[in-house]
1. In Å and from the alpha-carbon atoms only, list the Rg and Dmax of the range 244-470.
2. Could you pull out every one of the lysines with an alpha carbon less than 22 Å from that of residue 368, ignoring same-chain neighbours closer than 8 positions?
3. With just the Cα atoms defining each centre, how far is the range 52-131 from the range 285-334? Give it in Å.
4. Classify the range 349-475: rounded, prolate or oblate, from the alpha-carbon gyration tensor (a ≥ b ≥ c, eigenvalue square roots; a/c under 1.5 rounded; otherwise prolate if a/b is larger than b/c)?
5. Calculated from DSSP H runs of 4 or more alone, at -39500 (n - 2.57) each and per residue, what is the 222 nm mean residue ellipticity of the chain, nearest 500?
6. For residue 447, what accessible area in Å² do you get when you roll a 1.4 Å probe over the heavy atoms of the protein chains, rounding to the nearest 10?
7. Quick one: grab the alpha carbon gyration tensor of the range 236-350, order the square roots of its eigenvalues as a ≥ b ≥ c, and give me rounded if a/c is under 1.5, else prolate or oblate depending on whether a/b is larger than b/c.
8. Residue 1 accessible area, nearest 10 Å², 1.4 Å probe?
Amino acid sequence: MRDTIRFALNGRPLAVDGVPSHTTLLQWLRADGLTATKEGCAEGDCGACTVLLGTPADGTLDWRAVNACLVLLPQVDGRAVVTAEGLAAADGTPHPVQSALAEAHATQCGYCSPGFTMALAALAQRPERDDTAILDAIAGNLCRCTGYRPIVEAARNLPQVDAPAADASLAARLSEWSSEGLAYSAGAGRFLAPVTLAEALRLRAAHPDAWVWAGGTDLGLRVTKRLEVPGTVLFLGRVAELRGLRESAEGLEIGAAVPYADALAALTDLAPAVGDLVRRIGAAQVRNMGTLAGNIATASPIGDSLPPLIALGATIDLASPAGRRTVAAEDFVTGYRQTVLRSDELIVAIRIPRPAPGTRVAAYKIAKRIDQDISTVSAAFALRVEAGRVTAMRVAFGGVAARPLRATVTEAVLLGKPWTADTVAAAKAAVAADISPMSDFRGSADYRRLVAANLLDRLYLETTESTAPARLEAL
Ligand SMILES: Cc1cc2nc3c(=O)[nH]c(=O)nc-3n(C[C@H](O)[C@H](O)[C@H](O)COP(=O)(O)OP(=O)(O)OC[C@H]3O[C@@H](n4cnc5c(N)ncnc54)[C@H](O)[C@@H]3O)c2cc1C
Ligand code: FES
Ligand code: FES
């Protein structure tokens, strides 16, 4: 394994060592004098630290906007980074995004502007340019002085732009570096990036205290907010076997290191409601790094992915040096932030069966905002109604107990019954037996009980001929 970090910064190949392994990319950039990349929140919320990260793929670089505050410096090994300083052409000609922002008078302060510029530079390389794509691209960037309108206008005027140029020899070198394992250490910290599953499992068993790092969008906050210093980080992003995504007639298999952004199209194809929900996990910068496996392993009671996975009957593949096992999604989390994972195990993949024909899948996230917000309550349903009767129903909730759960009492009330308002009323009354919500700053226990039950009404309204509006915006 190589012991020096190698990457490209604004087109320049670099080798770095001697920097503590838990240093974030943002900290390193600013210490290196590249201060256009700002620190606003250091927790992935404001986008002031947005940079472009290029990952070698099929002989070229796949560029994504990411939050530099949540990326560890060794994580960029074998990749290319472009900051706001590197956007303009070598002769000083501004990048088309910079011109569009200037022409629309869309910059006011120097704090959020570099982040918006980089988020739009990622958008500019993509063909989609409708308002949904624009708002998606900048949902992870906060402007504190209400400059959004001209920023959106600038985005509407953007031409399609080529990806930042990387000369062929640099792209080839990055590809070579990214296929090598990395064992980087500086001071007391160590960053291990194996490239095969066998090696990852061996390292997992050898370092039971290691922080298993996928996208780092949860773990990063332990470093930047709680100021914890990991001894050993085991990074999974380079493990080839964990990066696959397989679609078949039976369903979908998503490798544990596949970021949300790469799984989104397949999830939308499998169940559009799940795609819509995933689009509301964090913002683009978070979805470009964060993984389903990380969300599941975090075992947060308000994590968004487990309710739909439970409703769809998904299973989770685990592996250790001793072998493999498969766990149903509803059995994976055993209590508040506790899971069945053993200290020598890794999540390898998530398997989601394709819903049977005629199944209606719904996934609801109730939060204070549409974008970039954490759920107060979430629910997912997989319902099949044949000849007016409920022939299959799986119900799952998040945010209403110490863990995301399957609501078996509610399911039992619905199964075999006519799909009518009376049946739904009976099921709503049963929800209280399945859940045990608590009060916190997001909502009271009573509010959560009411919302969880009312989401059954929403499902009923959306699946019947009822003319009552199921959503506020329809009023
Ligand atoms: C700004 C922001 C917004 C967010 N918004 C949302 C949101 O709307 N909804 C939501 O649910 N979450 C949200 N999150 C939380 C986070 O993005 C998700 O939980 C994400 O899916 C975590 O994935 P990751 O790959 O980044 O995990 P990491 O941070 O890398 O790891 C998380 C945990 O999973 C473990 N882990 C990771 N991979 C494996 C594996 N293969 N085997 C065993 N253990 C593993 C790690 O050890 C760690 O304990 C947000 C986070 C941020 C910073
Ligand atoms: S500093 Fe706010 S998202 Fe990184
Ligand atoms: S222009 Fe920077 S906060 Fe609005």
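The values are calculated or read from the model by the stated rules, or taken from the named source; none is laboratory data. Only a predicted model underlies this, so the values are computations on that prediction, with no experimental measurement involved. Reconstructed Cβ throughout: ideal geometry from the backbone, glycine too, with neighbour counts over all protein chains shown. Each accessible area value is taken on the protein alone, full model and side chains, heavy atoms only, with ligands, DNA and RNA left out. Shrake-Rupley method; radii C 1.70, N 1.55, O 1.52, S 1.80 Å.
1. 17.0, 56
2. Partners found: none.
3. Taking the Cα centre of the range 285-334 as reference, the centre of the range 52-131 is 31 Å away.
4. It is rounded, given that a/c, with a ≥ b ≥ c, falls under 1.5.
5. Result for the chain, helices only: -9000 deg cm²/dmol.
6. Accessible area of residue 447: about 90 Å².
7. Numbers: a/c = 1.41, a/b = 1.26, b/c = 1.12.
Since a/c stays below 1.5, the shape of the range 236-350 is classed as rounded.
8. The value for residue 1 is about 120 Å².
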